[in-house]
Amino acid sequence: MALAALGLLVLGVVLAEPASRGFSKARWTRRDPVGALLVWQAIGLAGGLSLVGCGVVYGLSPLGDSLPAAVGTLVREWNEGRWPARFDAVHLIAALASVGVGARLLWVLGTMYVRTLRARRRHRDLLDVLATPWPDSPGTRVLDHPQPVAYCLPGRSSRLVVSAGVLEALEPEEVWAVLAHERSHLRERHDLVVLPFVAWGATAPFVRGMECAQVAVAELIEMRADDVAACKSEPHELVGALKTVGGSAPAAALSSFTDALEARIERISSHPRPLPWAARIGVRVCAVALVAVPTVLLLL
């Protein structure tokens, strides 16, 4: 088990730093945003399992040849009123440290989720007072403001908001392209895709790879929403909408527009070819394998 713990530690460190930095610079992700998002989710999950699990596996290594066997031994001896003789202070500290890291991550994730829900609820209450339903698009509300703004407020009671400035500045086809983009965010719950990486970044702000992961994931969900909108409108209509709206959405919402606006416009205009089907399958297999490796090391 000591070798398994070492393998988990090495895997976790590699995924958190060099792998995350390197993958954030990959160019093929522009051609398969969905596959790239799956890989990022796998990197986050595998990295978390590895970094939290390595200390637990090492700490319990004197008690058995596998983690389930070691846990069984620990529980059995505790039930018999004995402290395992081989479970010394070094191994105990290692196990408790890993459990503490895992608890810290879960606490940050839960705290951020609750705060986000509260902010969205307050924002939603304000919208219900200040914005009016738009009969041409069910579920959409119009905010009486001259600046072109469009965003969505995810959640169980989601809101899709456009300003009066959007309706005045954009052609009808461009408005529908914006709405398709925003509905993609709502339907695919992109806010939940980003949240684990934000929690990782808050838990370990000194790890540069986590910041790279947050930025890359935010860009990919915008690419994915752009692709959905481009399928339901002409590319030039979406490009025109992006140039006009520009990207100033409230901080409490998931903005449709990022600082990489020019890169998104260039991507839509260039019509990047999707990856070949074999490559897309390979990307998804790699994502599954990434999660499988630490799982096997933990259990076997």
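In terms of the Cα gyration tensor, with a ≥ b ≥ c the square roots of its eigenvalues, is region 1-137 rounded because a/c is under 1.5, prolate because a/b exceeds b/c, or oblate?
Values: a/c = 3.67, a/b = 1.78, b/c = 2.07.
It is oblate, given that a/c is not under 1.5 and a/b is not larger than b/c.
If you take all other residues with their beta carbon under 12 Å from the beta carbon of P18, and give Lys and Arg +1 and Asp and Glu -1, the sum is +2.
Under 5 Å between amide hydrogens, built in the peptide plane, is the criterion, and for R159 it picks out L153 among residues at least 5 positions away or on other chains.
Taking each full run of DSSP H in the chain as one helix, which ones are at least 27 Å long along their axis (Cα atoms) and have mean Kyte-Doolittle hydropathy of at least 0.5?
Values: long enough: 33-60 (40 Å, 1.62); 89-130 (60 Å, 0.62); 208-231 (35 Å, 0.42); 277-299 (33 Å, 1.90).
Span-like helices in the chain: 33-60, 89-130, 277-299.
Would you work out the charge dipole size for the chain about its Cα centre, treating the Cβ of every Lys and Arg as +1 and the Cβ of every Asp and Glu as -1, and quote it to the nearest 20 debye?
The dipole of the chain has a size of about 680 debye.
Of all chymotrypsin sites (Phe, Trp or Tyr not before Pro) in region 186-221, which ones are in loop regions per DSSP and have a Cβ with at most 13 other Cβ atoms within 10 Å?
Numbers: sites: F197, W200, F206; in loops: F206.
Of the chymotrypsin sites (Phe, Trp or Tyr not before Pro), the ones in loops of region 186-221 whose Cβ has at most 13 other Cβ atoms within 10 Å are F206.
Note down the magnitude of the dipole of region 1-70 about its Cα centre, charges +1 on Lys and Arg C-beta and -1 on Asp and Glu C-beta and zero elsewhere, to the nearest 20 debye.
Details: 5 positive and 3 negative charges, 98 e Å.
Magnitude of the dipole: close to 480 debye.
Can you bin the chain into rounded, prolate or oblate? Criterion: square roots of the alpha carbon gyration tensor eigenvalues sorted a ≥ b ≥ c, rounded for a/c under 1.5, prolate for a/b above b/c, oblate for the rest. Intermediate results must be reported in sequence, preceding the final value.
Values: a/c = 3.25, a/b = 2.00, b/c = 1.62.
In terms of gyration-tensor shape, prolate.
Provide M210, M1 in ascending order of the number of other Cβ atoms located within 10 Å of each residue's Cβ, fewest first. Walk me through the numbers before you get to the answer.
Details: M210 24, M1 20.
With the sparsest Cβ surroundings first, the list reads M1, M210.
Note on the chain: dipole from Cβ charges, positive end direction compared against V228, S20, G110; the farthest Cα belongs to G110.
What does the C-alpha gyration tensor say about the overall shape of region 90-224? Classify as rounded when a/c is under 1.5, otherwise prolate if a/b is larger than b/c, or oblate. Prolate shape, in that a/c is at least 1.5 and a/b is the bigger ratio.
With the charge dipole of region 2-299 set up from +1 on Lys and Arg Cβ and -1 on Asp and Glu Cβ about the Cα centre, the Cα lying farthest toward the positive end among the listed residues G155, V57, F197 is that of V57.
Please sort by residue number the trypsin sites (Lys or Arg not before Pro) in region 22-109 whose DSSP state is loop and whose Cβ has at most 16 other Cβ atoms within 10 Å. Don't skip to the end; give the middle numbers.
Working: sites: K25, R27, R30, R31, R76, R82, R86, R104; in loops: K25, R27, R82, R86.
Sparse-neighbourhood loop trypsin sites (Lys or Arg not before Pro): K25, R27, R82, R86.
Each of H145, H123 was scored by other Cβ atoms within 10 Å of its Cβ. Listed from fewest to most, they are H145, H123. When each of E219, E182 is scored by the number of other beta-carbon atoms lying within 10 Å, the sequence from fewest to most is E219, E182.
Throughout, read-outs are computed from the coordinates displayed, never taken from laboratory work. These numbers were taken from a predicted model, which means no experiment stands behind them. Please note: Cβ atoms are built from the backbone with ideal geometry, for glycine as well, and neighbour counts cover all protein chains shown.
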